[in-house]
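What follows is a single structure, written as structure tokens, with notes after it.
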Amino acid sequence: MKLKNRRELTQYLEDRLTKTYERLKEGKELEQSLLKTYIIESNLPAISNIPVVSGYSRDILTTEDNTLFILNVHNKRGRATFYIDTLNPRFWFFHTVNKSEFTDSFINKFVTSPLNRLDFPWFPIQFLEERGREEQFRGFSLRYDDKFIEGDEDVVPIKTLSMKLWGNTAPKVLDILRQDSELKHAIALSGVGIKHFINHEDYVINDITFQGKFTARGTSIDSHFYVLQKVQKTYEEKVKLIEDNSITISSTETGFKFYGQPMAIMLKKEIEDLKSFLDQLLSSKSPFRLWGVSKFLEKDFVKINAVDLHTGHELNLEAAPEWIRIYLPQGSCGNTVLRLLTNIQHYYDSDAILEGDENERII
Amino acid sequence: MKGLSDHTLLMNQMVGLCKKTYGWPSTLKELGYFVELIEPIFVNSESKKVNADLRLTSNKLVHTLVTECKGGVTVDDQQIEKYAKLTVESIIRKTMVHDPRRLEFEVVFATNIKFKDELLERIGTFPLLVFSETELTKENKFQNKEVENAFSSPIAISTKPPTHFYPFNDQDDRALIALYVFQKLVVLSLGTREDSSEIDIDTLLSKIQPFWKDIDETKKKALRGKVNDILFECQKKKELKEYLEKVKGKPSWRITKSLDAFRKGCQKIIDDLEKQRKLDVW
């Protein structure tokens, strides 16, 4: 559908949101066709720079609004239309009502191509939980997969854990799981369900994933936009807080000025074998996508010079069994730090936290 | 600290005192000190240049610590004399302190415990901060009361020092410098922030050592030699030979193949350089 401006988009999405919700309640609609919004972090100068994705044909249409675009994509497995809202130049919204099987697959390939200057937002566990506390919490999903296990998997308490629980008792179940000594490092929240009301009447129910996908059903598009903008703003503040810590050195006539300081990921699950841990972390492979070389300065202390293969930016680290210090060089993206933290939570220790200056807990 | 020179370690330890680095004391930060300049140059009352290591300043105390990190015992009388002739006028130019009329300063030396006794014999009454693996202690007296109080009792060190504030100098092992060389080669090969995947030794050093432009020529020469050694080591190793290529007719290099294979080759060279260091020491 060719939409001309933001008002028409809002009207169109409102119609789709309410109609599909009615049909879903009547059992006539599949969840796949619900309104979905993907938040994507962009470091591209303009929409025309978005990369071509192999296996997909695409065209980009402009609208009367210079921050709103329409992206049509198709291949032999399907087609989809995304309405791209670039009002915030760094965090774009991709709205679609097409089937999630196709749109998820496209978005994943679109964002994860190396060095394309696009990334998902990475919502750490604590960030998702805060969103749940701010609204009416409806449920959660967990996904944990210990990528650092070597050898006999049978002796490891938890290798993988996956769960989805919706309903009033969900928060209580989450608390119980966290008290279990074997499970506690594997409670990696991968999504939350929240319900947001406007005027105690109209509402949206949003399922939010840790990579910034919002699936909406309900009666109010304004409510959906409210949730999106609030999450986007809060996340952007976290990214900027991290970037404020970046290490900056500038040359002057009388010496070099120096700003910034390291942050630290604090682990509750100690790293038993630093060498094996780093072999996995720095292997250049998904999910961490970090290239790096290391040097043990002591048997339990290692210096690491890494490169984020997603952005091509440098990232300097120090690791000990209980923590990883992060020195973010100037110009490197704060989202890189949140990707590292979030992936450590999902693939090693769900209790990991990020600290900055003055013991300030960033996440 | 294997492969990290005492000077590089001390620079990082002192900067760390002005920062909040997980596990490391923030004694100077708590007094309001920040790193005003690294490798500052002053002119003393006899019009002689004084090259210090750090200028640490506190707006709260309106006070500057001119810091010399001593990763050895080589202090001559001339150097001490130069420091002794520093005046507040030497310090005040381009300060960032909010009330320069009240600015006071003093010179402080920092060292590792293994050099403490010999240094104390040579530095006169200048205060000396001494790092060991477990504590930070002070010798002689600071003129500033707050600073004197802050260091009057030993400060426990419970974890590892920071190492990424100041990367390396000419005294560091090739294995340590290689970390920065390989990291920058990968960034260049990805071609996102740099213009070309080819690079010559001086440009490479200026990108990995932020203080390169002010390093004196003797030290630059030593660093060029070390980086050349690292790159030629790559050419000698069969693991990396096919991944790193010397550009014909130019003093430049470029990466030619897969990153993970390159990483494994680089890691092997770092480990081998570490072993060579042990042999050199032996």
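The values are calculated or read from the model by the stated rules, or taken from the named source; none is laboratory data. Quantities reported herein were computed from a predicted structural model and do not represent experimental measurements. Glycine also receives a Cβ, built like all others from the backbone with ideal geometry; neighbour counts cover every protein chain displayed.
Quickly run through the range B:20-36 and pick out the residues that are in a helix (DSSP H, G or I) and within 12 Å of another protein chain (Cβ to nearest Cβ). Don't jump to the end; show me each part of the working.
Residues of the range B:20-36 in a helix (DSSP H, G or I): B:27-30.
If the condition is that a residue be in a helix (DSSP H, G or I) and within 12 Å of another protein chain (Cβ to nearest Cβ), then B:29, B:30 are the ones that fit.
Being of a type in the set (S, T, N, Q), within 30 Å of residue B:160 (Cα to Cα) and either more than 15 Å from the chain's Cα centre (by Cα) or assigned to a strand (DSSP E or B) (or both) is true for just one of A:223, A:251. Which residue is that?
The unique qualifying residue is A:251.
Does the range A:55-91 hold any residues that are in contact (Cβ under 8 Å) with a residue 12 or more places away in the chain and over 18 Å from residue A:3 (Cα atoms), and which are they?
A:55, A:56, A:57, A:74, A:75, A:77, A:78, A:88, A:89, A:90, A:91
Checking the conditions here, which among A:65, A:104, A:15, A:85 is modelled with pLDDT under 95 and outside the structural domain of residue A:230 (by TED's automatic domain parsing)?
On inspection, the qualifying residue turns out to be A:15.
Take the conditions crowded, with 19+ Cβ neighbours inside 10 Å, in the same structural domain as residue A:339 (by TED's automatic domain parsing) and at negative phi and apply them to residue A:258. Does it pass?
Answer is yes for this residue.
Please indicate, with yes or no, whether at least one residue in the range B:153-174 is under 25 Å from residue B:28 (Cβ atoms), more than 14 Å from every other protein chain (Cβ to nearest Cβ), in contact with a helix residue (DSSP H, G or I) (Cβ under 6 Å, 6 or more places away or on another chain) and crowded, with 21+ Cβ neighbours inside 10 Å.
Among the residues of the range B:153-174, not one is under 25 Å from residue B:28 (Cβ atoms), more than 14 Å from every other protein chain (Cβ to nearest Cβ), in contact with a helix residue (DSSP H, G or I) (Cβ under 6 Å, 6 or more places away or on another chain) and crowded, with 21+ Cβ neighbours inside 10 Å, which makes the answer no.
So, residue A:251, is that one farther than 30 Å from residue B:39 by Cα, at the interface with chain B (Cβ under 9 Å from one of its Cβ atoms), of a type outside the set (Phe, Trp, Tyr) and in contact with a helix residue (DSSP H, G or I) (Cβ under 7 Å, 6 or more places away or on another chain) or not?
No.
Quick test for you: out of B:54, B:17, pick the one residue that is at pLDDT below 95, under 30 Å from residue B:274 (Cα atoms) and either crowded, with 22+ Cβ neighbours inside 10 Å or within 14 Å of chain A (Cβ to nearest Cβ) (or both).
B:54
Any idea which of A:56, A:21, A:83, A:12 is of a type in the set (Phe, Trp, Tyr) and in contact with a Lys or Arg (Cβ under 7 Å, 6 or more places away or on another chain)?
Working: A:56 fails: in contact with a Lys or Arg (Cβ under 7 Å, 6 or more places away or on another chain); A:83 fails: in contact with a Lys or Arg (Cβ under 7 Å, 6 or more places away or on another chain); A:12 fails: in contact with a Lys or Arg (Cβ under 7 Å, 6 or more places away or on another chain).
The unique qualifying residue is A:21.
Restricting to the range B:47-87, give me the number of residues that are in a strand (DSSP E or B) and not aliphatic (A, V, I, L, M).
Counting residues in the range B:47-87 that are in a strand (DSSP E or B) and not aliphatic (A, V, I, L, M) gives 11.
Counting only residues that are farther than 15 Å from residue A:214 by Cβ and in contact with an Asp or Glu (Cβ under 7 Å, 6 or more places away or on another chain), how many does the range A:68-108 have?
Residues flagged as farther than 15 Å from residue A:214 by Cβ and in contact with an Asp or Glu (Cβ under 7 Å, 6 or more places away or on another chain) within the range A:68-108 amount to 3.
I'd like to check something: does the range A:309-317 contain any residue that is of a type in the set (Asp, Glu) and either buried (at least 24 other Cβ atoms within 10 Å of the Cβ) or within 18 Å of residue B:178 (Cβ to Cβ) (or both)?
The answer is yes; a qualifying residue exists.
Among the numbered conditions (1) within 30 Å of residue B:91 (Cα to Cα); (2) surrounded by fewer than 19 Cβ atoms within 10 Å (Cβ to Cβ), tell me where residue A:229 comes up short.
(1)
List pairs: first residue in the range B:169-183 and without any contact (Cβ under 8 Å) to a residue 60 or more places away in the chain, second residue of a type in the set (Gly, Ala, Ser) anywhere in the structure, Cβ distance under 8 angstrom, at least six positions apart or on different chains.
B:170/B:222; B:183/A:292; B:183/A:306
Looking at A:324, A:271 in this structure, which one is part of a loop (DSSP other than H, G, I, E, B) and surrounded by 20 or more Cβ atoms within 10 Å (Cβ to Cβ)?
Being part of a loop (DSSP other than H, G, I, E, B) and surrounded by 20 or more Cβ atoms within 10 Å (Cβ to Cβ) holds for just one of A:324, A:271, which is A:271.
Restricted to the range A:276-291, and to residues that are facing chain B (nearest Cβ under 7 Å) and of a type in the set (Gly, Ala, Ser), which residue is surrounded by the fewest Cβ atoms within 10 Å (Cβ to Cβ)?
That would be A:283.
For the list (1) under 25 Å from residue A:312 (Cβ atoms); (2) of a type in the set (Gly, Ala, Ser); (3) surrounded by fewer than 19 Cβ atoms within 10 Å (Cβ to Cβ), I need the number of the one condition that residue A:42 fails.
Every listed condition holds for residue A:42 apart from (3).
Residues of the range A:59-78 being surrounded by fewer than 17 Cβ atoms within 10 Å (Cβ to Cβ) and either touching a His at 6+ places or on another chain (Cβ under 9 Å) or part of a strand (DSSP E or B) (or both), which ones?
Here is the first cut: in the range A:59-78, the ones surrounded by fewer than 17 Cβ atoms within 10 Å (Cβ to Cβ) are A:59-62, A:64, A:66-67, A:72, A:74-78.
Residues satisfying the conditions are A:59, A:60, A:61, A:62, A:72, A:74, A:75, A:78.
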